[in-house]
Amino acid sequence: EEKEYYWMSDNYQHSPKKGLAKRTSPTNIAFSMTAAISAYYFGFVTLSEALSRLDRCLAGIEAAEKWKGHLYNWYDIVNLNPLEPRYVSSVDSGNLACYLIVA
């Protein structure tokens with residue numbers, strides 16, 4: 001069974017038109033998890049939908065290539081490959097750790 005992952009894009013650029021960025025960071029992954037929880041509590045999605053979003057985020061974290069267990073700072077959201085230059089950010093890793101606790 002092929003797993004569908006969901007990591008939100010870092011940004012959308014309207015002008016000049018570049019569209020959806022195909023990259024994300026651990027902070028964005030963390031925020032998308034809290035957004036799923038908030039969406040449930042505010043009644044925008046069902047509990048099942050919120051849990052599905054959380055599951056897909058966590059599955060992406062598990063599947064992504066890491067450095068000594070730490071997520072790199074930037075990933076391609078289509079294939080989950082780390083982007084160059086590869087590095088680990090203590091700020092982004094800290095954000096992810098804190099929001100995993102919240103989740």
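Bear in mind that the values in this text are calculations on the coordinates, not laboratory data. Everything quoted here is computed from the prediction, not taken from an experiment. With ideal geometry, Cβ positions are generated from the backbone for all residues, glycine too; neighbour counts draw on all protein chains shown.
Rounded to the nearest 0.05, the FRET efficiency derived from the C-beta distance between Glu49 and Glu84 at R0 = 41 Å is 0.75. Where (i) -0.55, -0.63, -1.19, -1.37; (ii) -0.50, -0.57, -1.16, -1.43; (iii) -0.50, -0.58, -1.29, -1.59 are the candidate values, the label of the one calculated here for log10 I(q)/I(0) by the Debye sum over Cα atoms at q = 0.14, 0.15, 0.22, 0.25 Å⁻¹ is (i). One decimal place: the segment Val91-Lys17 gains 23.7 nm when fully extended, by the rule 0.36 nm per residue minus the C-alpha distance.
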